[in-house]
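First up is the structure itself, then whatever we jot down about it.
Please treat every number below as a calculation from the coordinates, not as lab data. Values in this document were obtained by computation on a predicted structure and should not be read as measured data. For neighbour counting, all protein chains shown are included, and Cβ atoms are generated from backbone atoms with ideal geometry for every residue, glycine included.
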Amino acid sequence: MSFRIPDSLSLRRMPRGLAALLLAAALAVPVPARADVAETVLPAACTRDCAAPWGETLGGSTTTPAYSNCSAACFVPLPNREQGIFTGIRWQCVEYARRWWLLNRGVFFGDVDVAADLWLKIPAVTRASDGSTQPLENHDNGDSAPPKVGDLLVYGREYLRTGHLAVVVAVDAGAGRIDVAEQNFLNRPWPAADHARSLDLLERKGRWWVLDPYLLGWKRIAGE
């Protein structure tokens, strides 16, 4: 999907709801008057062959629930906001990653065309409390240190031509496993309340590998 949305700072300066109304007007998608999406008219691709109905809670903690996007073919140009800050288009993988960092780390990152762009195009995050910036670090898959809780796994464009983002929510290096939270991947209820998938973590000759196709590596807030 090549559609580009305004960056988060621009949307943040708009009155509440204006950004959503402008976006919906441009794309002729109805926007509900309330904060929920019960009245949203979904495209046909978002109502058929769903692993779980669009908008259904899949899992996640009470602070960062994840919602179904039906399938990778579904796109509903309806922005989501948390704490007055634009988090992304419901319920894409980027929206969940940005919302997780905002609610759990107090930072958010800027606009990207597709998820894979986070790897090279986003060098820093903005702190919600004061607008200051903090650099990000890229750790290639095969790094000398394993992922940490809070890191974002970034997948390349080879995956569906968009890539994917997932949040690392648990690391057990001894057991060779990490758990991730995410949206718009399997789009089905999580097997546990706190994670969507478990991935194998392998150490060889001082290098750590997460065994998942198309994974570029993990993005980390510097100093964490």
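In segment 79-88, what residues are surrounded by fewer than 20 Cβ atoms within 10 Å (Cβ to Cβ) and hydrophobic (A, V, I, L, M, F, W, C)?
Residue satisfying the conditions is Ile85 alone.
Go through (1) surrounded by fewer than 17 Cβ atoms within 10 Å (Cβ to Cβ); (2) in contact (Cβ under 8 Å) with a residue 24 or more places away in the chain for Leu153 and report which single condition fails.
Only one criterion is unmet by Leu153, namely (1).
Looking at Glu182, Glu203, which one is of a type outside the set (Lys, Arg) and touching a residue at least 60 places away in the same chain (Cβ under 8 Å)?
Of Glu182, Glu203, the one residue that is of a type outside the set (Lys, Arg) and touching a residue at least 60 places away in the same chain (Cβ under 8 Å) is Glu182.
Being part of a loop (DSSP other than H, G, I, E, B) and closer than 17 Å to Trp101 by Cα is the filter here, so list the residues in segment 117-169 that pass it.
Scanning segment 117-169 gives Ile122, Pro123, Ala128, Ser129, Asp130, Gly131, Ser132, Pro147, Lys148, Val149, Gly150, Asp151.
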